[in-house]
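Colleague: I have a structure I would like to understand better, so I am pasting it below and will then ask my questions one at a time.
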Amino acid sequence: MMYVLIGILLVAVYAVFTYNRFVAFTARTKESWSDIDVQLKRRYDLIPNLVNTVKGYAAHESGTLEKVVAARNAAMSAQTIADKTKAEGELSNTLKSIFALSENYPDLKANTNFLELQRELSDTENKIQAARRFYNGTVLELNTAVASFPSNIIANMFKFVKSEFFALDEEAAKKPVEVKF
């Protein structure tokens, strides 16, 4: 009888420990997503300034500028991680096209405001990548725990589910930047 009680106690302790691990994994995943979200918002805030700066030097490149604004709006309105992944890939490509345009406009390329915005966007891209790596690491921990036996029993009992990774849209990232002069 004593061994049965000890066995039940050990199972209960394991269940509580595993449940608390899932709670911690879920909280870390949400926290790391908020880090990504902060950096994405910072990038969204920089884009209108960049567009206005480029517009002053390359007014006849309005098609490229409109694509950047449309990509920014699509990224801002994306709700799911999959939609966000796709929209962010498109936004990155349109931003590359603006920087490629600057090669053809020496005055723009030398503009201190443009250079500062370019530096800030580059810094923000690096922070987004760092936040994405941290987020994907926490998602990996959560997903592994949700799928692994015997913790998957606790995950199913308490409805803990796998999260999506936030990866670059590989298809969009591989497309060459289209620049028209």
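The values are calculated or read from the model by the stated rules, or taken from the named source; none is laboratory data. Note that the structure is a prediction, hence the values are computed from the model and not measured. Positions of Cβ are backbone-derived with ideal geometry, glycine not excepted, and every protein chain shown enters the neighbour counts.
Colleague: Say we look at segment 76-91 and pick out the residues that are aliphatic (A, V, I, L, M) and in contact (Cβ under 8 Å) with a residue 60 or more places away in the chain; which of these is surrounded by the most Cβ atoms within 10 Å (Cβ to Cβ)?
Modeller: Initial filter on segment 76-91 (aliphatic (A, V, I, L, M)): 76, 78, 81-82, 87, 91.
Checking which are in contact (Cβ under 8 Å) with a residue 60 or more places away in the chain leaves us with 81-82.
Working: ILE81: 17, ALA82: 14.
Per the criteria, the residue is ILE81.
Colleague: If the Cβ limit is 6 Å and pairs must be 6+ apart or interchain, which residue in segment 155-172 that is closer than 16 Å to PHE25 by Cβ pairs with which residue that is exposed (fewer than 13 other Cβ atoms within 10 Å of the Cβ) and modelled with pLDDT under 95?
Modeller: Going by the 6 Å Cβ cut-off, there are no qualifying pairs.
Colleague: Just to check your reading of the model, which residue among LYS30, LYS67, LYS55 is touching a Ser or Thr at 6+ places or on another chain (Cβ under 6 Å), among the charged types (D, E, K, R) and in a helix (DSSP H, G or I)? Let's see the steps before the verdict.
Modeller: Working: LYS30 fails: touching a Ser or Thr at 6+ places or on another chain (Cβ under 6 Å); LYS55 fails: touching a Ser or Thr at 6+ places or on another chain (Cβ under 6 Å).
Only one candidate passes the filter, namely LYS67.
Colleague: Can you tell me which of (1) among the aliphatic types (A, V, I, L, M); (2) at pLDDT below 95; (3) within 15 Å of the chain's Cα centre (by Cα); (4) surrounded by 19 or more Cβ atoms within 10 Å (Cβ to Cβ) is the one LEU168 doesn't meet?
Modeller: All conditions are met except number (4).
Colleague: Shifting gears a bit: With (1) at pLDDT below 95; (2) assigned to a helix (DSSP H, G or I); (3) under 18 Å from the mean Cα position of the chain (by Cα) as the list, and ASP45 as the residue in question, which single condition is left unmet?
Modeller: (1)
Colleague: Please give the number of the condition SER102 fails out of (1) of a type in the set (Ser, Thr, Tyr); (2) crowded, with 20+ Cβ neighbours inside 10 Å; (3) under 30 Å from LEU140 (Cα atoms).
Modeller: (3) is the only condition that SER102 fails.
Colleague: While we're looking at this one, here's another question. Among the residues of segment 30-40, is any over 15 Å from the mean Cα position of the chain (by Cα) and loosely packed, with under 15 Cβ neighbours inside 10 Å?
Modeller: We begin by selecting, within segment 30-40, every residue over 15 Å from the mean Cα position of the chain (by Cα); these are none.
Within segment 30-40, none of the residues are over 15 Å from the mean Cα position of the chain (by Cα) and loosely packed, with under 15 Cβ neighbours inside 10 Å.
Colleague: How many residues does segment 92-136 hold that are under 30 Å from PHE22 (Cα atoms) and free of Cβ contacts under 8 Å to residues at least 12 places away in the same chain?
Modeller: Looking only at that region, the number is 4.
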